[in-house]
Structure formats: C-alpha cells, structure tokens
1. Just to verify a number: FRET efficiency for Lys150 and His200, C-beta to C-beta distance, R0 = 45 Å, to 0.05?
2. State whether the stretch 99-184 is rounded, prolate or oblate according to the following rule on the C-alpha gyration tensor (a ≥ b ≥ c being the square roots of its eigenvalues): a/c under 1.5 gives rounded; otherwise a/b larger than b/c gives prolate, and the remaining case gives oblate.
3. DSSP loop trypsin sites (Lys or Arg not before Pro) in the stretch 111-166 with at most 12 other Cβ atoms within 10 Å of their Cβ, which ones?
4. Give me the number: length gained by fully extending Asn133 to Leu187, i.e. 0.36 nm times residue separation minus the C-alpha to C-alpha distance, one decimal in nm.
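No value in this document is a laboratory result; all are computed from the given coordinates. These figures come from a predicted structure and were not determined experimentally. Virtual Cβ from ideal backbone geometry, glycine too; neighbours counted across all protein chains shown.
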Amino acid sequence: MARYTGPHCRLCRREGLKLYLKGDRCYTGKCAIDRRSYAPGQHGQGRKKVSEYGIQLRAKQKARRIYGVLEKPFRTYFERAERQGGVAGENLLRLLERRLDNVVYRLGLGASRVEARQLVLHGHFTVNGKKVNIPSFQVRVGEEIAVSDKSKNSPRIKELIERSADRTPPAWLEYDAQEAKGRVVALPSRDQIDVPVEEHLIVELYSR
C-alpha cells in the first residue's frame, strides 16, 4: 500500500504550520517548525511571490498531508465529492474525515493519524465486530469501531485507551472509554472539522 515514507517534520515546515504528524513530539520543544519556522531546502528562507495557482496548490497539499493521502487517491476523493449533492469542498472533507484511520485518531486511539494508520494496518481495530485493516475504509453512520479483544493486551494500545478517556471526540462521534469503542452517529458538519484547510481553494484548483 503506497504511503509517504519521508521525514514528516519537513512537510510541516513546507506548509508553514504544525500538521501534528508525529503525535506527542509536536507538543514538545523538539518540534522542527518551532526551531526552524521556514521552508526546507537551500532557498527556504528566501522571499517568494506566491501566485493564485500557488495558493490553491498549497491548500491541496496541506489537506493531503494532514490526512496522509497521496495525489491519485486524493483526486479520486474529490471526484466522488463532486458527484455528491451539496458543496464539493465540504463533501471532500467529510469523505476524508470518515476514513477509518482518521476516525481512530479522532477517538483518541492514535497519537497521530500516522500512528492510527499503522495500528489499523496491523489489524488492531474492528468495524461492527469484523477486523478491518484498510486505513481508507469509509466508516458509515451507525457503524461501531472498537479495539479488538486480542489487541487490548498490547502495552501501547493500553496506554492509548487510558489516554483516550481524557479526550473529547467531535460531536459526530460517540466514544465509550471503558469498552474502547466508538460509533459514528452523524455525518460531520463543516464546523465540526477543525483542520486548517480552505477547501474552496482545492475546488478552484481542480476546476482549472
């Protein structure tokens, strides 16, 4: 399964803000963007005039990197969003939010989306009682996401379950920390999606 394997801190520096791709490290003084808040590369500190296309491109790249999606599947998500009724940009974010790895992250069962993706790939979660190890799996309203019984003995999973009790998931999710399971109770509305992305710029980019 294709995924980005390069340095994650480089992505945050390129976008000019924290994307929280490395979990706990992003909240410490070791965070690269706190130490070097300019773009990577030898010309990273130079002043650049950004075109309209450049602004739209950065919005798309930022969304891709936040959710850990490569270019081809991201374009597929956009095409699906366009075919749905309503606002294409909001539809796109809803599709990305309902990826299984993102739902696991939103429930607090992963310190970052990167870790949540890895845990899903390793088969630590079930959807409606059936093991699902596909990070891009689209979780539907009413479906239940839970830590598998076998995985509850893992030290890292135990730690994440304990930490998840202190987190409040977004309103479109329900979570039972005692049972380590959650449920999608509604489609996320735009005000419930807290990613720093201007989705209308992505629509403009793909509409060129």
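1. Working: r = 44 Å, r/R0 = 0.98.
Taking R0 as 45 Å, the efficiency between Lys150 and His200 is 0.55.
2. Working: a/c = 1.29, a/b = 1.05, b/c = 1.22.
It is rounded, given that a/c, with a ≥ b ≥ c, falls under 1.5.
3. Working: sites: Arg113, Arg117, Lys130, Lys131, Arg140, Lys150, Lys152, Arg156, Lys158, Arg163; in loops: Arg140.
Within the stretch 111-166, the qualifying trypsin sites (Lys or Arg not before Pro) (loop, at most 12 other Cβ atoms within 10 Å) are Arg140.
4. Numbers: separation 54, 0.36 × 54 = 19.44 nm, distance 2.21 nm.
Gain on stretching Asn133 to Leu187: 17.2 nm.
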